[in-house]
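For reference, the structure is listed below as structure tokens.
Just so it is clear, none of the values below were taken in a lab; they were calculated from the coordinates. Model, not experiment: these values are computed from the prediction. Cβ coordinates were reconstructed from backbone atoms using ideal geometry, including for glycine residues, and neighbour counts include every protein chain displayed.
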Amino acid sequence: MNTTSKKKLSLSFWLLVIGLIGLGIYSLISLRQTAAIYDGVLAMQANINSGSVKKVDFAGNDKPFNIPNWTLFRPGELWSLTSRDHHLPDGFETPELVNTEVAHGDSGQPMKVQKQIEAPLKALFDAAEKDGIELMLSSAYRSVDDQKQLYEQFVAEQGQDMAELYVVEPGASEHHTGLSVDFSTASAACEADSDKCSLAQDAAAWLFENGPRFGFIQRYPEGKQPLTGVAFEPWHYRYLGIPMAKMVAASGLTYDEIVRQVAPGYAR
């Protein structure tokens, strides 16, 4: 072997050594990055599975509020935020819809709610009746197609400006989730036609004071349209479960504000 061949062989050898060292360093860095990502996923998953207690410093709430599972904030779940700024995913399917047995408008047609709110809804109706308040539902679950028809009709009759105050676009309505209802004072007119339903002042006052005891909050309070995207609706209530509903009511904040502070990752 001549001198030139020996030099080429030596150069190839050292290039191979350097390449192997570089590959080893790159693999080690990648392994550490992968491990870090994996550890982060495990930590997040442990937090979701085990639950946590988060201190929420809202007015009227001086105790830690328990968040048993962060998945409760996912779209369509019990604590989800659905609004003009937080649409439900395309193809969203409402879980476990049932025909409600409480009094409602359009009585010849079934009115649906999520199964988990049916018992609290009945309890609320019973308590209201004992206090001399006769209630009906004027609306509950609405499909995206139902909302599209309602929205287009409202725009045609009232104009776009009014629609932006009172009717949200398809995919942005809480009614899609089956967790929201519109209350009305019971009447023969409402029973026959939900378009003729209305909520009397005494019933509105009773609901505002007592709704949280059964897990329901007034979703669109007076003067909060810039935050909720909807003008004052004393009839529209959202089921959150008793602990969350009581906390929201005591805070004096809208649910939009609560989610942004308690679970900002779900209120982007």
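Tabulated data
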item	result
For the range 51-266, convex hull of alpha carbons as volume per residue, Å³	123 Å³
Spin-label pair Asn66/Glu209, simplified geometry with 7 Å Cα→Cβ offset, distance in nm	3.0 nm
Neighbour net charge for Ser194 - beta-carbon separation under 10 angstrom, K R +1, D E -1	-4
Under 18 Å from Lys112, Cα to Cα: aspartates and glutamates that are on another chain or at least 8 residues apart	Glu77, Glu93, Glu96, Glu101, Asp145, Asp146, Glu174, Asp182, Glu191, Asp193, Asp195
Kirkwood Rh, Cα atoms: Rg over Rh of the range 66-173	1.01
Average projection area in nm² (convex hull over Cα atoms of the range 135-261, one quarter of hull surface)	7.9 nm²
Over 25 Å (Cα to Cα) - which of Lys148/Lys196; Lys122/Lys224; Lys224/Lys246; Lys115/Lys224 fall in this group	Lys122/Lys224; Lys115/Lys224
GluC sites (Glu not before Pro) restricted to DSSP loop in the range 124-222 with at most 16 other C-beta within 10 Å	Glu134, Glu222
